[in-house]
Amino acid sequence: MSALSAGLRRALPRLNRRRVIPAAAALAVLAAAAVWAVRPAADAWTSEDLRLAGDGVELDARFYLPADRDGKVPAVLVAHGFGGTKDSVRSDAESLAEQGYAVLTYTARGFGRSTGQIHLDSPDHEVKDASLLLDWLATRPEVTTDAAGDPRVAVVGGSYGGALALLLAGQDQRVDAIVPQITWNDLGQSLVPGGVFKKSWAGYFFGNGAATLTLGGSGRGQEQGDPACGRFAEDVCKAYLQMATTGVPDETTTALLRESSPATVLDKIKAPTLLIQGAVDSLFPLSEADANAKGIAAAGTPVKVAWFTGGHDGGEGPGTDSDRVKYLTLQWLEHYLKGEGETPGDAFTWSRVAGFSAMDRDLVTNGYSADAYPGISGTGTTDVTLTGAAQPIANPPNGNPGAISSLPGIGGRLSSLLSGGVAMDIPGQHANWESAPLTGSIDVAGAPTVSLRAASPTGEATLFVKLYDVDPNGTSTLSAGLVAPIRLTGLPADVTQAQPVTVTLPAIVREIEAGHTVRITVATSDQAFLSPATPAVYTVAVESTLTLPTLAGTPIADPGSVWWYALAGVLGVIVLGLIVLLLIRRVLHRRRDVTVVGEHADTPLVVKGLRKAYGDGFVAVQEISFTVQRGQVVGLLGPNGAGKTTTLRVLMGLTQPTAGEIYVFGHRLVSGAPILSRVGALVEGPGFLPHLSGYENLKAYWLATGRPWEDARFEEALEIAGLGESVHRKTRKYSHGMRQRLAIAQAMLGLPELLVLDEPTDGLDPPQIAEMRRVLQRYATDGRAVLVSSHLLAEVEQTCTHAVVVNKGRIVASGPVNDIVGDSPSVQLDVSDVPAATRVLEELGVKSVQTEGESSLIVDMNGTARSEVVASLVTAGIGVDRLVPRRRLEDAFLSLVGDNSRGSGDR
Amino acid sequence: MSTVEAAAGYKASRTLPIWAEVRRQASRRRTQLALGFMALLPVIVLLAFEFGGGRRDDDNDGGGGGAFSSMADLATSGGLNFALFGLAVSASFLLVVVVALFFGDTVASEASWGSLRYLLAVPVPRARLLGVKLIVAAGYSVLALLTLVGTGLLIGTLRYGWSPLGSTIAAEIPAGEGVLRLLGITAYLGTTLLVVAGLAFLLSVLTDAALGAVGGAVLLFIMSSILDQIDALGDIRSALPTHYADAWMGLLSTPVQTEDMAKGAISAVIYATIFWGAAFYRFTRKDVTS
């Protein structure tokens, strides 16, 4: 227990002022760093909430201004996605404001705290509202204007907001640049692709619009409309109900969706357009942006396209992608709005999944760029041959059970959409056509095409065509969960009579690796779409040629490579620092005091005024001075805790003295001084590697000295150890005495000129002690010297030529043993009558008489013969039991030990 | 004769030769056990795969298991994947313990045996003693890492054959390049372990209890890993020594993603420099009392 607590005390740093201050300082620095890291950064913008007038509605808006602006700044109108509010685009708005734009965000009519009803980006409503906001921007004194009432403004927005940007730019020529993201070209085509109603997405959004009825929309208190329609305008609501019921939009619905489609205004868009579209988007796939890009480019307006790995299904995408999108957006605005920076070129950038992100276990992508936008048919094509016969597949009633391709609105993990996992087909309801394993990998980027023939007893069929990437283990992946729905009419009942129909699959970005196969699956149902309610069995045959568009690009340099330079920099600094340190050390080493104190040059050991105070203020030794000459065996005698071990520790360079000097053969001794190589030591007991034998231990020790093998004088040392055959046993099995002897032998390896032994006889038995005495005396005869410490008087007396007596860290006596051990002038007398004896003795003229105990007297004789004292006492009739002559060393030592050796502490 | 500065044949730069320290450590049971276990682990994993029975779920449950489960699925596809799997399962704990053992034990155990003071009395200059101990501990750690990878590669190849390095997301990596990737991953893991090495070494200098030094380093490493799981800490986590521990997965992508690895290496190198610097600073000044 005590050993444990002692260990703990040693392991835990003691708290004292010297340690507390640096520790507190370090803690303070750490805390400050932590606070700095999490501190709220001062905003680089100011904002105000406003209620602005739309076309007959009141719009909830917020206007951001950069905090440090010089004069007027261009403005950016940021529009939110369907179901969002001005708060959904808050972070985009803030970062744009930080870039020095005046930013206006607002909640579109029918959402959040804005009044009015949802008209699906109708040119007569939402787009007009936005035009009025431009009017308002023109009135702001902070905003740059191109002409009176014409603000310098860009419109940025995703999805619902992206379509608004396109429609507004088509309708209002004051718009100077637009960045529509993940948005549609033709809403009818998006919601009813291939004539099949995209029920999941449509329902998801319809629910979203209706939900705002209960979520604060009603709080404004004007539209307490139809519960079936929520905040949707009546015509929009009707259109949805009609379309969702039949699955086929009627004329009115088609017209309404057409109204809300940028497709109608593309030729009027004059604002440079940056189109950003996601590759993991089953709502508005890449083809929508492609149509927009073509339409706008046809009007001669600058247009640039970028794809990223994300979208309505995939979200923002990996960090590299969102960084790229942000960079492109800022570059676009900077040039076309601020008039700064070079013209953003035609370069088309896209990204492809590269693997797992090490940090969050999601996907990471690599960016690629090509000189120009290639559209969705790639810059090249690769044909893959499919095999498989015509197969019958069943259409389940009401599309149930239905195959799964994606999970609209759930926002599943990107990785599950791109590495398989979600998609599932129902047996009996699908047929497969598969290629042979690919001989080389194919970089697919665009919309693959395939031809198929179908037959149906009803003359009609709704089919879902999908492309699977199948790895050698059979795991199939429906890239991004994209399917091509197709509704065929006028089909024959027999497949042999059917005409081939070319199906354009959704555009994907994927590398299909060598060894993988490509599978075309034709299914009859999909949970994301509305399929015919009546059961039927179709027969489908897929033609053998699948055309895959390919695209070659140059990888975009990873901005992360800068970190490697940083690493090289860090390493460089460290190496440089190391070199500087070594140089400084070398200089210091050269400058160190190597002078030999001539007067001590032939003296093995001179200790002068040694003092050691520990960190906690405890003074272990002070004013210790003594000398060890050649030929001497000096005993350092003192009770436990007198400071013997501390002195020896300093002597071996283990502990730094607080004051005082030590010279070994005239060389000043500091920690690790080479002169220590001429000193052999046993300090604080033996220290051996327990798993080695005694012999191996001595060998390992000598190896560590790096000195020539012959100098070790192994045989002599082993003889002194006297371990016999035990020298080849592991030291952990040694007794205390054996270890002690081995340690003495180790100290004697190489026959050092000064031998320092701490309690050498500890653990030895009497014959061994006697032997050790002889060994030490003999050792010192050859011009060498020995310093032994001991708390045993007899040992020092018998072994040493000289003695230094220490107590409580100070020297109390020193000199040749014979001098200090010699007779002391005092004797101890045991007498029968103490008072009488005292009287008699005082008459005899002794120096002093002290009573000790009941019957003892300590008498300083002052030259009086002992025989005379005894005679006088006996004559006086006092019985003398005992007379013991005392010795000086004993006097000194015992009085010390008797006094108090307790409480002097571990020195 | 008496004015010579040192005993005949003594030269400070010749004390405690590296080879002597290598032998000092090699004779220790824990060194042998640690290295032996590194060689044994792939064998155990192989036996587990062989006799573990039951098919692993192959129903593509998607997101749940993430990269790790897919790595286990791929482990039996070839020697490279097998070696990678062995490395991946050891990275977060076993290797940490082994490295902490080599670095944390080296000075503290000498102190607890009492042999440290005899080395210092030789005298081995303190900076040299630490330097040699550091180099030898690093050597043993590298040896352990290479043993793990080498044995994994060897028995994995013998049992499952030589095939490209597979990864579920990115393209398969041809075997030749796969070896380079595997070496790169090994090197990166070695680099991240510098943090453990630094911390264990510092503790080894501060305490006489070898167990305390090893345990303390492992403990702090685990604590850092736990803190790294707490999203609320935000960007502070990037400063945690374990934050980039998994960045080697970037080498399984095609093309490789090394940004996080560079960050991780910077973090590890800085931490190691601080810890080792502190160890040298402390040890060259402290009173050796054990």
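Structure above, values below:
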| read-out | value |
| --- | --- |
| Only one of B:S238, B:S204 that is within 21 Å of B:L116 (Cβ to Cβ), among the hydroxyl-bearing types (S, T, Y) and in contact with a Phe, Trp or Tyr (Cβ under 9 Å, 6 or more places away or on another chain) | B:S204 |
| Output for the stretch A:698-714, where each listed residue is within 22 Å of A:Q740 (Cα to Cα) and either crowded, with 21+ Cβ neighbours inside 10 Å or not charged (D, E, K, R) (or both) | A:L698, A:A700, A:Y701, A:W702, A:L703, A:A704, A:T705, A:A712, A:F714 |
| Residue check, A:R510 under 22 Å from A:D281 (Cα atoms), open to solvent by 30 Å² or more (accessible area, probe 1.4 Å) and within 37 Å of the chain's Cα centre (by Cα) | yes |
| Subset tally (residues that are over 10 Å from the mean Cα position of the chain (by Cα) and crowded, with 23+ Cβ neighbours inside 10 Å) for the stretch B:189-206 | 8 |
| Condition met for B:L116 (open to solvent by less than 40 Å² (accessible area, probe 1.4 Å), more than 10 Å from chain A (Cβ to nearest Cβ) and either at pLDDT 90 or above or touching a strand residue (DSSP E or B) at 6+ places or on another chain (Cβ under 7 Å) (or both)) | no |
| Yes/no for B:D59 being out of contact with any Gly (no Cβ under 8 Å at 6 or more places or on another chain), surrounded by fewer than 16 Cβ atoms within 10 Å (Cβ to Cβ) and modelled with pLDDT under 90 | yes |
| Residue check, A:A75 open to solvent by less than 60 Å² (accessible area, probe 1.4 Å) and modelled with pLDDT under 90 | no |
| Among the residues listed as A:A480, A:A423, the single one being in contact with a Gly (Cβ under 8 Å, 6 or more places away or on another chain), more than 18 Å from A:P549 (Cα to Cα), open to solvent by less than 50 Å² (accessible area, probe 1.4 Å) and not hydroxyl-bearing (S, T, Y) | A:A423 |
| Extreme residue, farthest from A:S677 (Cα to Cα), among residues of the stretch A:762-792 that are open to solvent by 20 Å² or more (accessible area, probe 1.4 Å) and under 55 Å from the mean Cα position of the chain (by Cα) | A:G763 |
| Residues of the stretch A:386-397 satisfying the condition of being among the polar types (S, T, N, Q) and crowded, with 16+ Cβ neighbours inside 10 Å | A:Q391, A:N395 |
| Qualifying position, being modelled with pLDDT of 95 or more and within 14 Å of chain A (Cβ to nearest Cβ), among B:V136, B:V122 | B:V136 |
| Residue, surrounded by the fewest Cβ atoms within 10 Å (Cβ to Cβ), within the stretch B:29-48, restricted to residues that are within 23 Å of A:T731 (Cα to Cα) and free of Cβ contacts under 8 Å to residues at least 12 places away in the same chain | B:R29 |
| Considering residues of the stretch A:445-468 that are among the charged types (D, E, K, R) and in contact with an Asp or Glu (Cβ under 9 Å, 6 or more places away or on another chain) only, the residue surrounded by the most Cβ atoms within 10 Å (Cβ to Cβ) | A:K466 |
| Members of the stretch A:246-266 found to be assigned to a helix (DSSP H, G or I) and either in contact (Cβ under 8 Å) with a residue 40 or more places away in the chain or hydroxyl-bearing (S, T, Y) (or both), listed by number | A:T246, A:T252, A:T253, A:T254, A:L256, A:L257, A:R258, A:E259, A:P262, A:A263, A:T264, A:L266 |
| From the options A:D323, A:D383, residue that is within 30 Å of B:M249 (Cα to Cα), open to solvent by 30 Å² or more (accessible area, probe 1.4 Å) and either modelled with pLDDT of 90 or more or among the charged types (D, E, K, R) (or both) | A:D323 |
| Considering residues of the stretch A:94-106 that are within 32 Å of the chain's Cα centre (by Cα) and surrounded by fewer than 24 Cβ atoms within 10 Å (Cβ to Cβ) only, the residue farthest from A:W332 (Cα to Cα) | A:E94 |
| Long-range neighbours under 6 Å by Cβ, at least six apart or interchain, first residue farther than 11 Å from A:V827 by Cβ within the stretch A:852-881, second of a type in the set (A, V, I, L, M, F, W, C) and assigned to a loop (DSSP other than H, G, I, E, B) | A:N862/A:V846 |
| Scan of the stretch B:263-290 for residues that are among the aromatic types (F, W, Y), under 16 Å from B:R128 (Cβ atoms) and open to solvent by 20 Å² or more (accessible area, probe 1.4 Å), ordered by number | B:W276, B:F280, B:Y281 |
| Residue within the stretch B:119-138 that is of a type in the set (A, V, I, L, M), open to solvent by less than 10 Å² (accessible area, probe 1.4 Å) and closer than 30 Å to A:D469 by Cα present | no |
| Residue match in the stretch A:662-681 (condition: more than 9 Å from chain B (Cβ to nearest Cβ), closer than 25 Å to A:T731 by Cα, in contact with a Ser or Thr (Cβ under 8 Å, 6 or more places away or on another chain) and not small (G, A, S)) | no |
| Number of the exception - A:V522 against (1) more than 14 Å from chain B (Cβ to nearest Cβ); (2) in a helix (DSSP H, G or I); (3) surrounded by 18 or more Cβ atoms within 10 Å (Cβ to Cβ) | (2) |
| Single unsatisfied condition, A:T646 versus (1) hydroxyl-bearing (S, T, Y); (2) open to solvent by less than 40 Å² (accessible area, probe 1.4 Å); (3) assigned to a strand (DSSP E or B) | (3) |
| Evaluation of A:Q527 against (1) open to solvent by less than 40 Å² (accessible area, probe 1.4 Å); (2) in contact with a strand residue (DSSP E or B) (Cβ under 6 Å, 6 or more places away or on another chain); (3) assigned to a loop (DSSP other than H, G, I, E, B) (one fails), failing number | (1) |
| Selection within the stretch A:595-638 - open to solvent by 10 Å² or more (accessible area, probe 1.4 Å), in a loop (DSSP other than H, G, I, E, B) and farther than 27 Å from A:D782 by Cα | A:Y614, A:G615, A:D616, A:G617, A:F618 |
| Hey, A:R152 within 48 Å of the chain's Cα centre (by Cα) and open to solvent by 20 Å² or more (accessible area, probe 1.4 Å) or not | yes |
| Residue among B:A209, B:A247 that alone is at the interface with chain A (Cβ under 10 Å from one of its Cβ atoms), open to solvent by 20 Å² or more (accessible area, probe 1.4 Å) and modelled with pLDDT under 90 | B:A209 |
| Residue list for the stretch A:715-745, restricted to those being touching a Pro at 6+ places or on another chain (Cβ under 6 Å) and open to solvent by 60 Å² or more (accessible area, probe 1.4 Å) | A:R732, A:R739 |
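The values are calculated or read from the model by the stated rules, or taken from the named source; none is laboratory data. Because the structure is predicted, anything quoted here is derived from the model rather than measured. Neighbour counts run over all protein chains shown; Cβ positions are idealised from the backbone, glycine included. Just the protein is used for accessible areas: all its heavy atoms, side chains included, with ligands, DNA and RNA removed. Shrake-Rupley method; radii C 1.70, N 1.55, O 1.52, S 1.80 Å.
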